[in-house]
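This report concerns only the one structure given below.
The values are calculated or read from the model by the stated rules, or taken from the named source; none is laboratory data. Since we're looking at a predicted model, the values are computed, not measured. All Cβ positions, even for glycine, are placed from backbone atoms using ideal geometry, and neighbour counts span all protein chains on display.
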Amino acid sequence: MMRVYGLLLLAGLLLSVSAGCRSLDSVQGLDESSVSFAHAAYRDRTSLVSLQHPKAGDETQSEDDGAGRRGSTFDVIVAELIAIGPGMLVQGLGHRYAGDHVTSRQLMRVGAIGVGVGALGVGLVAGGNEISEDWIGSAVSGAGYGIGVIGVGYYLSAWIYDIYDTPRAVRSGGRPPPNSPFVDSLDFLGRE
C-alpha cells in the first residue's frame, strides 16, 4: 500500500513540475530586452563579469572584443573570494566566474583526480593496517600514504592555481591563459 502512495506522490510531483515548465517560452511580466539579452549571454556562454552594462562612451568597442569585457577591481575581488571560499571545495569556480570555462573545466578535473587519488590512498592506509601487522600490511599502508600525498598535491595545486590565476582571467575577459602548460600537464585525462 505504501508503494502505491509513493507512486501517486511521485506522479503528482512530476505532473506539477511539468505543468510549470510549459510556459517557459512565453515571458510574462519581464522586460523583453532583458530576456533577449540573457538568452544571448547564455548562448554565448559569457561570464558574469561580461554581463555588466557598458559604461557611457564604451559603445565604440565591439562586443566580441575582449577588451570591452575586462573586469573591474570589484570583479577581481569577488572572483578571488569565490576562488578562495567555495573554490576550496570545487576547484575552478574563480575561473568559471571570470568566464574562462576551459581552464575551469580543467581545474575541476584536476581537483576531482586529487580527491579520487587521495581517497584511494586513505583506503590503502586503512586496508593495509587491517591486512596484517607484519611487513605486508606496512608496505600497503606506506604505499597508501604516498598515493594520498600525491592526491592532496593534485587537489591543492588546482585550488592554488585557481586563486593565483583568477585575476588574470577576470582582467582578460575570460580568455584562457596563453602558453600556460601547468594545468595542461596536470589534466592528463581531458585533453581539449
(request) Specify the residue that is farthest from the chain's Cα centre (by Cα); the eligible residues are those in region 164-185 that are of a type outside the set (D, E) and more than 17 Å from G99 (Cβ to Cβ). (result) N179
(request) Could you check region 52-145 for helices (runs of 4 or more DSSP H) lying wholly inside it with 2 or more residues that are at pLDDT 90 or above and farther than 30 Å from S34 by Cβ? (result) 101-131
(message) Consider region 109-147. How many of its residues are under 23 Å from the mean Cα position of the chain (by Cα) and not hydrophobic (A, V, I, L, M, F, W, C)?
(response) 5
